[in-house]
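The structure under discussion appears below in the form of structure tokens.
Readers should treat all values here as calculations from the given coordinates under stated rules, not as data from a laboratory. This structure is a prediction, so every number in the text was calculated from the model and none was measured. Reconstructed Cβ throughout: ideal geometry from the backbone, glycine too, with neighbour counts over all protein chains shown.
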Amino acid sequence: MEHIRPARPEDASRIAELIVVNYRANFYPFFKNDPFYFGELNVIDVASEYTAGSEALENTCVYDDGAVKGMIRTEGAEIKKLFVEPQFQNRGIGQKLLSFAVEQKNASWLWVLEYNEGGRRFYQRNGFILTGEKMLEDDWVPLLKMEKQNDCGIIGQTNTDR
């Protein structure tokens, strides 16, 4: 897909910026945990996860049209992270990254923060449905599972699975 490429080690700080900015903008309002969002969560530490040869880097692709404006990370069929710089949201970048992951990486499911109504709507507009499955991450972060649907139902399921 146009402008989407595998992440490189030199993208680590930009990927970290995308993650930190989006976590603060989208999740801080729900949790208001200053020590985490403005202490533990920082660009230097997050960037260190994306070093050369790391699994995180190898599973990440970026949207780069001259500037890295978004990123997606998959692990197997799971979409682990999808973030677009807030100034570039609502321009189709997230949709392109998501389509890329589904079509090129065979991604078919993800966990979304229960409180993140905008995120849930985005995934629903792009063919994902809530499965009804829930989990608590770190014993306090409520997540909902979403799976990609195709014309015949959920990707990866056969008629006998339903």
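A few comments on the model shown:
- The distance between label points at TYR37 and ALA67 comes to 2.4 nm (points 7 Å beyond Cα on the Cα→Cβ vector).
- Taking every DSSP bridge with both residues inside the chain, close to 95 percent are antiparallel.
- Estimated vicinal HN-Hα couplings, Hz - segment 33-50 in sequence order (Karplus 6.51, -1.76, 1.60; Gly, Pro = x): 9, 4, x, 6, 5, 10, x, 4, 7, 8, 4, 4, 5, 5, 4, 5, 6, 10
- Sorting the segments 14-20, 124-130 by their residues' average number of neighbouring beta-carbon atoms within 10 angstrom, most packed first, yields 14-20, 124-130.
- The structure shown yields volume of the Cα convex hull per residue in Å³, and of the options [x] 130; [y] 121; [z] 104 that calculated value carries the label [y].
- Within-11-Å neighbourhood charge of LEU41 [Cβ basis; K, R +1; D, E -1]: -2
- Expected 222 nm ellipticity per residue - DSSP helices of 4 or more, -39500 (n - 2.57), all of the chain, to 500: -8500 deg cm²/dmol
- Formal net charge of residues neighbouring LEU57 (Cβ-Cβ distance under 10 Å; K, R +1; D, E -1): -2
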